[in-house]
Every structure is written in C-alpha cells, then in structure tokens.
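Peer 1: I have a structure I would like to understand better, so I am pasting it below and will then ask my questions one at a time.
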Amino acid sequence: MSIPEKNTKSPLCVDERTLWASLPVPTVLVGPDDVILDINAAAEGFLNASAKSVCGTPVWDMIAVDAPLEEAFLRARVSQSTLFVNDVDVGSGQRAPLQSQLQIAPLSGAEGVMILMISPRELSGRMTQNQSVKSAAKSAIGMAEMLAHEIKNPLAGITGAAQLLSMNLSKDDLELTDLIVAESRRIVKLLEQVEQFGNLTLPERGAVNLHDVLDRARRSALLGFGAQMRIVEDYDPSLPLAWGDKDQLLQVVLNLIKNASEAAGEGGGTIRLHSYYEHSFRLRRADGHGVPLPLQIEVIDDGPGLPEAIAGDVFDPFVSGRENGTGLGLALVSKIISEHDGWISVTSAPGRTAFRISLPRADAKEENNKISGKRPENRS
C-alpha cells in the first residue's frame, strides 16, 4: 500500500507572490498538517535555508520556539482566530535563537492554512544603537579633552619626579617609585583609549575583501594575545566585496578576537570566524529608508559567555565584564560599525558567544548614497 503524498503546493497565486516576496519580516505558510507550504525571502534569510529545501518539512522541525505553542496554534486554526505571542526565543538549526514576537493568522480562502510571521525584537531593540553610540561618543569626547588637559600633563611630572627620586633610593624603596611610575603609565594608557574613542575621523571607505581582513586578524592574534586559541575559518568563498575602511574593520575584528581570547583564559578555546551572505537583511534608517546589509561576519567563541548583568549593555561606554577592563573596547567597535552604516549584535550563552557584523556591499554604495542624499565618497 503506497502512502499518499502530502500536499505541499503553495496556495498563493502569481499576483499574490509579488506581495509575498515583499514582506519585510520572516513569514511562513503552514498547511493543515503542520508542514511548511511556502516561505518568503525574509524567512529564507532567517532560517538560512531556501524555500525549496524546507517546503514539505514539519514546521516545528524547522522553527524552534521556546514556548509550548502547538496547542495554541491548533486552537487558532480550529477557531479561525489570530494569535499573538510576545517575547519568545525563536531559532532554527542554522542560527542562534532571537527574542521575537509571533503573529499567527488563518489565510483567507485556504482552509486550514495558517500564516506565521516572525518579528525579531533584536532588530528593533538595536535600531537606536547608532544614535545612542554617537551621543555617547560626544560625551566621551568632552571628557577626553578635559582629562587629557587636566591629568596627562601632571602625570608626566609625577612620573619624571618618581624616576629622579629612584636614583638615590635603596632597593626596598625603589619598589615604591616603580609603583608610582607603573600606575601613572596605566592611567595615561586609559586616557589614550578614551581619546581614541572620541576620535572623530571618519572611515576612508573603499572596496574591501572581508576575508583578507579576517585572515590578517587571525594571523596577528595567533602570534600574540590569541596564541593559546584555536581559530577556525568558516568562509563563504563567494562573498562580494564590502564597502568599508580596511584598517578600521581590522581593528574591530582584532578587538573581538582579543575579547574572546581573554574570556577563554590560559586554558584556551576555539574561535570560529564565519562569513556568509544574507540577502534579506536590511537596516531601516531614521528617515524610513531601508539599506541592505547582506554581508555578514561572525566571531564565535566557546567561552563562558557574557555576564548576564551586562549582556544587554556591552556596547555602551565603560561597561566591562572584566575586573580591570575599561569598557571602551566594544563601545569603539560599535562606533566604527555605526560609522560604516552597518550593524552589530551579540548573542551569548555559556559555551557560545557570537558577535555578528552586517555590512553593505561595495557595488551598492551608489544606490545607498542616492537613498541617503550623501555625495559619493572619493578616494585619492
């Protein structure tokens, strides 16, 4: 006896598919038997899978929801009602869960077919990041100017005086002057980091091979602060060129690798440098225009994860999970990515912390300039 095939044909007509493909949030059509009938372009990006590969698959095998949703989904189908689910973690086998809102509704004219829309809160929660980082930068700039003027010059005098005193002191007393010199230099180094964060120099952008940036960062890390780490390359070889400042992007990746190495401690661990293309990813600017950011790079480590108390604020200035940390490293990373018109996020749990950077394509810069009203950037 042969088993009848499931009906996995999408109920959408040709005219409806144009609207379907234009929906900005991941959307899934679920058949009466809870198999996927169709997904839109945004859902392909969210699931990191094509529509062809997932159609006919049980929806709850592809979409993992951190809530008992099956019974509520069935009730919504039977009663032909709408279901809203807020603040649940939604993921798949191809990506870490994101806190999301779910909207579920019956598809008019198709009995038993339901529409499932996924709205990741991660995006909306980070949309104000660019503006907040720039505001924080202005505050840090003012503080840096004051500190540089009021503290660095006196510190130079204190260091010089301590070194002069050390010439005529006994070995035991030399420990005290050495301490004065060491602590003075530590404060100067902190002030220099603050000044670096307040630097208003804009990126000198051009076409950048992101894999060259990742390779340079990997080699540099293995020769220094990441010598105890295993750094794995997981690249998409077809990734197009990005539009960015190569040196500043290298600084970003080095900072993320250094943080992962320090979190792992002397025992070491594994860092995965991952690149991929997500064609549906767009960042909506304050003026309402959406800018495509399809180029994705991730720095993923298997360390202990971010402390829960600061996990949501790691990109803010002076927030640090380390005892002697300045809290400026990730703030500087966020500032650089913001000035690249990009986006950065982090997901963290014990055993897996992933920093994800989204950047524009080099060949899309002219279109983006037209949208934003910017003049094209010139490179001499």
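The values are calculated or read from the model by the stated rules, or taken from the named source; none is laboratory data. Small disclaimer: the values here were computed from a predicted structure and weren't measured. Note: ideal-geometry Cβ built from the backbone for every residue, glycine included; neighbour counts use all protein chains shown. With ligands, DNA and RNA removed, areas are computed over all heavy atoms of the protein, side chains included. Shrake-Rupley method; radii C 1.70, N 1.55, O 1.52, S 1.80 Å.
Peer 1: Once both labels are modelled 7 Å past Cα along the beta-carbon direction, what's the D363-A64 spacing in nm?
Peer 2: Going from the D363 label point to the A64 one covers 3.6 nm.
Peer 1: Given axes a ≥ b ≥ c from the Cα gyration tensor, I'd like to know whether segment 199-257 is rounded (a/c under 1.5), prolate (a/b larger than b/c) or oblate.
Peer 2: Oblate, since a/c reaches 1.5 and b/c is not below a/b.
Peer 1: In a shell of Cβ-Cβ distance under 10 Å around Y277, excluding Y277 itself, what net charge do Lys and Arg (+1) and Asp and Glu (-1) give?
Peer 2: Values: positive: R361; negative: D236, E278.
Spelling it out: positives minus negatives among the neighbours equals -1.
Peer 1: Also, quick follow-up: Please give the net charge around P106, taking every other residue with its beta carbon less than 13 angstrom from that of P106, where Lys and Arg add +1 and Asp and Glu add -1.
Peer 2: +1
Peer 1: Separate question: Using only the C-alpha atoms of segment 29-87, find the volume of their convex hull and express it per residue in Å³.
Peer 2: Convex hull volume per residue, Cα atoms: 96 Å³.
Peer 1: Expected output is a single nm value to one decimal: the length gained when fully extending between N168 and H279, i.e. 0.36 nm times separation in residues minus the C-alpha distance. What is it? Display every interim value, and only then the final one.
Peer 2: Working: separation 111, 0.36 × 111 = 39.96 nm, distance 6.86 nm.
Full-extension gain reported as 33.1 nm.
Peer 1: If I model a spin label at D212 and A156 as a point 7 Å from the Cα along the Cα→Cβ vector, what separation in nanometres do I get?
Peer 2: Modelled inter-label distance: 3.8 nm.
Peer 1: Between V232 and R186, take the C-beta separation as r, use R0 = 30 Å, and let me know the FRET efficiency to the nearest 0.05.
Peer 2: The value I calculate is 0.30.
Peer 1: Another one. Which percent of the accessible area of segment 211-306 is formed by carbon and sulfur heavy atoms (probe 1.4 angstrom)?
Peer 2: Details: 2100 of 4320 Å².
The nonpolar share, carbon plus sulfur, comes to 49 percent.
Peer 1: Put W20, W60 in order of accessible area, largest first, 1.4 Å probe: what do you get?
Peer 2: Largest accessible area first, the list is W60, W20.
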